[in-house]
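The values are calculated or read from the model by the stated rules, or taken from the named source; none is laboratory data. Note that the structure is a prediction, hence the values are computed from the model and not measured. Here the Cβ is made from the backbone with ideal geometry for all residues, glycine too, and neighbour counts use every protein chain on show. Each accessible area value is taken on the protein alone, full model and side chains, heavy atoms only, with ligands, DNA and RNA left out. Shrake-Rupley method; radii C 1.70, N 1.55, O 1.52, S 1.80 Å.
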Amino acid sequence: MIGGGRGAFIGGVHRLVAAMDGEAELVAGAFSSDPERSRASGADLGLDPQRVYADFAAMAEAESAAPPDQRLDFVVIVTPNDQHYPAAEVFLKLGFNVVCDKPLCMTLVEARRLQALVKQTKLVFALTHNYTGYPMVKLARDLVRTGHLGNLRKIVVEYPQGWLSTPLERTGQKQAAWRHDPKRSGMAGCLGDVGTHAENLARYITGLHMQELCADLTSFGPGRALDDDANILVRWEQGVKGLLHSSQISAGELNALAIRVYGTKAGLEWHQQRPDQLITKYLDQPTQIWDRGTGYLPPKIAAVCRLPAGHPEGYLEAFANLYREAFRAIRAQVAGKPVPKDTDFPTIADGVAGMAFLTAAVTSGRAGGKWRRVPR
């Protein structure tokens, strides 16, 4: 693991979900840019001090020289955004599979370089857009792809939060501080942090790419260099229209990621804070609610449900589903076998698409909301 030491949130989540199915063990790490904190974090986790490093470059050098029976099968990158590209590049070049937090990197140029490197090395690269691991999100995708909604017309996707309604970054709160530092977060604030999840969710369910967008990006927080609220009109492929909204100043909101997709025959609706249910709506029949864990679900959806209906599954279980699928690919790669074609996890291509979205949105916002094409 690179990053994710003391005081970090997402590192602990990754450690939990990667271990949930008993398929992976944490054995090495560079857990902080502060060498002392990295060593302390490694001690907290009970690791061999010899495999706890001051930085990812030292880790890469030492671990690449390890005997085959001790060699890492993959690395997990859970640092702030500015370290995603250099860490991923180093480990890919040394032959390690990579799991990386989103967004992929700082620029679209970096994203395409990593994509070329993944193609060249034929290694596994998983990007943790973890909301795609929810069973009812997979059901929504299945319904769209099988024509249940008819021809698509409109997509409305949103991710409002309220945790940055006050200038929390000025209090020394670690998670808030780096997210509003352009040198560490990149070109976007809220849009890069949670807006990319909304974009990925819409593309995962519908299979459609954005073609053009018109973005209104705002920094409500005093002195903030990056956006904390985004409102975007979108033109998807196939003439589909819609909008994407992300915010971290929506007072009272927690993690209200939600999507609505409308077609010529029906619509669907899913809310991350009520993840066990998918709602479908019709022109000529009553609204239907699908429940996770029930016997009427298609077999491939039932296969990713971990508990019986009525026992709530949530964020951690969905995240673990992503890891379980990535492990199918990594296991094959380590064994020198072809990666199964039916694996279902976000890849380097999703990371490039996310950076193309951010590039177009930030460019549009800086131009006063002019329409911009989304690069492919």
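Kindly evaluate Ala43 against the criterion of being surrounded by fewer than 23 Cβ atoms within 10 Å (Cβ to Cβ), of a type outside the set (Val, Ile, Thr), touching a helix residue (DSSP H, G or I) at 6+ places or on another chain (Cβ under 8 Å) and free of Cβ contacts under 8 Å to residues at least 12 places away in the same chain. Before the answer, list the steps.
On the way: surrounded by fewer than 23 Cβ atoms within 10 Å (Cβ to Cβ): yes; of a type outside the set (Val, Ile, Thr): yes; touching a helix residue (DSSP H, G or I) at 6+ places or on another chain (Cβ under 8 Å): yes; free of Cβ contacts under 8 Å to residues at least 12 places away in the same chain: yes.
Yes; evaluated as a whole, the condition is true for this residue.
For segment 87-105, which residues satisfy the criterion of being small (Gly, Ala, Ser), under 19 Å from Ile10 (Cβ atoms) and either open to solvent by 10 Å² or more (accessible area, probe 1.4 Å) or without any contact (Cβ under 8 Å) to a residue 60 or more places away in the chain (or both)? Passing the criteria: only Ala88.
Residue check: Gly293 meets all listed conditions (1) open to solvent by less than 70 Å² (accessible area, probe 1.4 Å); (2) over 21 Å from Arg145 (Cβ atoms); (3) under 21 Å from the mean Cα position of the chain (by Cα) but one, namely (3).
The residues in segment 49-67 that are in contact with a strand residue (DSSP E or B) (Cβ under 7 Å, 6 or more places away or on another chain) and either surrounded by 20 or more Cβ atoms within 10 Å (Cβ to Cβ) or closer than 22 Å to Leu127 by Cβ (or both) can be counted, and the count is 4.
As a summary of the residue check, Leu316 satisfies the conditions (1) under 26 Å from Asn151 (Cβ atoms); (2) surrounded by fewer than 17 Cβ atoms within 10 Å (Cβ to Cβ); (3) of a type outside the set (S, T, N, Q); (4) in contact with a helix residue (DSSP H, G or I) (Cβ under 8 Å, 6 or more places away or on another chain) except for the one numbered (1).
The numbered conditions (1) within 19 Å of Ser38 (Cα to Cα); (2) of a type in the set (Gly, Ala, Ser); (3) part of a loop (DSSP other than H, G, I, E, B) are all true for Ala87 except (3).
The lone criterion from (1) within 13 Å of Val374 (Cβ to Cβ); (2) within 22 Å of the chain's Cα centre (by Cα) left unmet by Asp227 is number (1).
For the condition hydrophobic (A, V, I, L, M, F, W, C) and either touching a residue at least 60 places away in the same chain (Cβ under 8 Å) or within 14 Å of Tyr159 (Cβ to Cβ) (or both), what is the one hit in Leu243, Leu226? Don't jump to the end; show me each part of the working.
Values: Leu226 fails: either touching a residue at least 60 places away in the same chain (Cβ under 8 Å) or within 14 Å of Tyr159 (Cβ to Cβ) (or both).
None of the other options fit; the residue is Leu243.
Of the residues making up segment 163-212, those that are part of a helix (DSSP H, G or I), surrounded by fewer than 17 Cβ atoms within 10 Å (Cβ to Cβ) and touching a residue at least 60 places away in the same chain (Cβ under 8 Å) are Lys174, Gln175, Trp178, Lys183, Arg184. Filtered by the rule that a residue be aliphatic (A, V, I, L, M), closer than 19 Å to Arg141 by Cβ and surrounded by 20 or more Cβ atoms within 10 Å (Cβ to Cβ), segment 330-355 gives a lone residue, Ala353. Scanning segment 68-82 for residues that are out of contact with any His (no Cβ under 7 Å at 6 or more places or on another chain) and either of a type in the set (Val, Ile, Thr) or open to solvent by 60 Å² or more (accessible area, probe 1.4 Å) (or both) turns up Pro68, Asp69, Gln70, Arg71, Asp73, Val75, Thr79.
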